[in-house]
Amino acid sequence: MTRQRILAVAVAIVGFAAIVVGIHQELLHVAPGYTGTIETGWSGPLNHGENLLARLAGVGVVGTLATLRWKYAAVVPLGVGGVEIGYSLVAVFTYVQSPGLYTTVQTSGGTTRFLLGAEPFLLVAGGLLLLVAGLVGWRTHGERAETHDSASRASSHA
């Protein structure tokens, strides 16, 4: 097994770990020095969307492992990485629009300022790592095909 193949699997596993840690973090936080609470639907026990993100990340790792055998299996970690990134960007965009990040909002408990938590950053990082794993897995087959073609040409000319 080449180093690039081991690298692809390792990157996919690190991406999976980043996503699993990310779904246990908060999407939004109250800024220090402000009173108030946030109910985003992302706190407390994991919801269906968060469980789905973790399972998809696991599918991305399995897809990267399948890439060791089949070149076109690389579309699995590429697709999963895109879904992870897209899902977190949509969630952040929703909260940017209403009530807005980094703006002061009056609540019944006082003044509150919403800040991004660690979750979107970890999900995007995990998604990017799965994209990299898919690309590296795809590229390892290109090198193997070239060496196989040159070996078959050499044997046919002999």
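Structural remarks
- Selection status of Y72, at pLDDT below 95, more than 19 Å from G127 (Cβ to Cβ) and assigned to a helix (DSSP H, G or I): yes
- Taken over the stretch 5-20, the residue count meeting the criterion of being open to solvent by 60 Å² or more (accessible area, probe 1.4 Å) and under 13 Å from T67 (Cα atoms) is 2.
- Residue check for I23: at pLDDT below 90, in contact with an Asp or Glu (Cβ under 8 Å, 6 or more places away or on another chain) and surrounded by 15 or more Cβ atoms within 10 Å (Cβ to Cβ): yes
- For the stretch 36-64, a residue qualifies if it is open to solvent by 40 Å² or more (accessible area, probe 1.4 Å), modelled with pLDDT under 90 and in contact with a helix residue (DSSP H, G or I) (Cβ under 7 Å, 6 or more places away or on another chain), and exactly one does: L46.
The values are calculated or read from the model by the stated rules, or taken from the named source; none is laboratory data. These numbers come from a predicted model, not from an experiment. Quick reminder, even Gly has a Cβ in these numbers, built from the backbone with ideal geometry, and neighbours come from all protein chains shown. The area values use the complete protein model at the heavy-atom level, side chains included, leaving out ligands, DNA and RNA. Shrake-Rupley method; radii C 1.70, N 1.55, O 1.52, S 1.80 Å.
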